[in-house]
Amino acid sequence: MKNDPGFYDYWPYENRPKIRWPGGKKMAFWVAPNIEFYELNPPANPSRKAWPQPYPATQGYSIRDYGNRVGHQRQMDLLDKYGIRGSISLSTALCDHHPEIIQMCKERNWEFFSHGIYNTRYTYGMSEQQERDMIKDSMETIYQHTGQKCAGYLAPALSHSELTLDLFAEVGTELFGNEGGIYTCDLFHDDQPTPIHTRSNKPFVSIPYSLEMNDTIAFVVNKIEPRRYGNMLKKNFDRLYAEADESGTIMCIPTHNYQVSCPHRMKAFEEALDYITSHDDVWVATGKEIADHYLEHYYEQAKTDIAQKNAALGPAATHKGAK
């Protein structure tokens, strides 16, 4: 077991190369709806229980079913109103369980990226081959049902292994060449894209996916009321927008259709979207569009800057666990 995951090098935020997004926009903004499928009675995992309640966990299961029956349509209509194409963190079992949702998203040219197969089956305890097979299955399923070459990954229920990112990059190359497996949302360490080490040395990037702005973290973990959550989204945007003059920042709102789409929470969310999209110099994009632009225009520049700064700081600046 490593003392440090070694996914990225130390890279101070100050004095980085400036990023500009397409059209000269100074900031990028994306919304990542988690569209998930939960099993009522999944296979047991010794590292984590699927439900906090004893079986049958009908309350947890049914509110998530509410999300796919009601909440998804409500959120989709709202994103349509503001010209936002969702980047779906997809439990790919949904392709079989709710193909009508997949079809609605396809019609709007939303992005699909992998969130595993079920959100009740975790990476914990898997062998390397088992995790590789799970990742491959999810990527192949997305391609079969949408025609999209899966570019991004968020581990199911944020469950990882030390090899998750390596495997996703490798399977992406195996299936789709340079178009597949190019970014992760599983690291929460920066407000800009970051070059990531993989054992295949494939160009691979982390793009910001904020846990603090995640509706489940806000409502369930931090017990924040809707009005305060909407204000948080706007204050988060304001800070990133101010810094974007010098840096080129990214804001992500990760959502769940059984959280933010509950009737009493929608107004605050809408007010935040209205506020953010009213800024003409913000690029409203998908995760893949952000990753593609960064890899093409800034990835090598960032690697050079990281190497130069770490050389100046000395050996202590780099992570000992880096590959």
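Answer yes or no: is there a residue in region 63-70 that is touching a helix residue (DSSP H, G or I) at 6+ places or on another chain (Cβ under 8 Å) and modelled with pLDDT of 95 or more. Yes.
Of the helices (runs of 4 or more DSSP H) contained entirely in region 227-318, those carrying at least 2 residues that are under 27 Å from Ala155 (Cα atoms) and open to solvent by 40 Å² or more (accessible area, probe 1.4 Å) fall at 287-297, 299-313.
The sole residue among Gln103, Gln53 that is on the phi < 0 side of the Ramachandran plot, open to solvent by less than 70 Å² (accessible area, probe 1.4 Å) and without any contact (Cβ under 8 Å) to a residue 12 or more places away in the chain is Gln53.
The rows are residues; the columns are (1) out of contact with any Gly (no Cβ under 7 Å at 6 or more places or on another chain); (2) under 24 Å from Ser47 (Cβ atoms); (3) without any contact (Cβ under 8 Å) to a residue 24 or more places away in the chain.
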| position | (1), (2), (3) |
| --- | --- |
| Met76 | yes, no, no |
| Tyr82 | yes, no, no |
| Tyr122 | yes, yes, no |
| Gln129 | yes, yes, yes |
| Ile142 | yes, no, no |
| Thr146 | yes, no, no |
| Cys150 | no, no, no |
| Ala155 | no, yes, no |
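Restricted to region 157-170, and to residues there that are part of a loop (DSSP other than H, G, I, E, B) and under 15 Å from the mean Cα position of the chain (by Cα), the residue that is modelled with the lowest pLDDT is His160. Taking the conditions (1) within 18 Å of Asp215 (Cα to Cα); (2) over 21 Å from the mean Cα position of the chain (by Cα); (3) among the acidic types (Asp, Glu) in turn, Glu270 satisfies each one other than (2). In a residue-by-residue description of region 171-186, the property of being at pLDDT below 95 and farther than 17 Å from Tyr294 by Cα applies to no position. Could you please find all residues in region 178-207 being in contact with an Asp or Glu (Cβ under 6 Å, 6 or more places away or on another chain) and among the β-branched types (Val, Ile, Thr)? Scanning region 178-207 gives a single hit, Thr198. I need the full set of residues from region 3-22 which are open to solvent by 80 Å² or more (accessible area, probe 1.4 Å) and in contact (Cβ under 8 Å) with a residue 24 or more places away in the chain, in order please. Those that are open to solvent by 80 Å² or more (accessible area, probe 1.4 Å) and in contact (Cβ under 8 Å) with a residue 24 or more places away in the chain: Asn3, Tyr10, Tyr13, Lys18.
The values are calculated or read from the model by the stated rules, or taken from the named source; none is laboratory data. These numbers come from a predicted model, not from an experiment. A quick note on method: Cβ atoms are made from the backbone with ideal geometry, for glycine too, and the neighbour counts reach across all protein chains shown. Quick note on the areas: whole protein, heavy atoms, side chains included, nothing else; ligands and nucleic acids left out. Shrake-Rupley method; radii C 1.70, N 1.55, O 1.52, S 1.80 Å.
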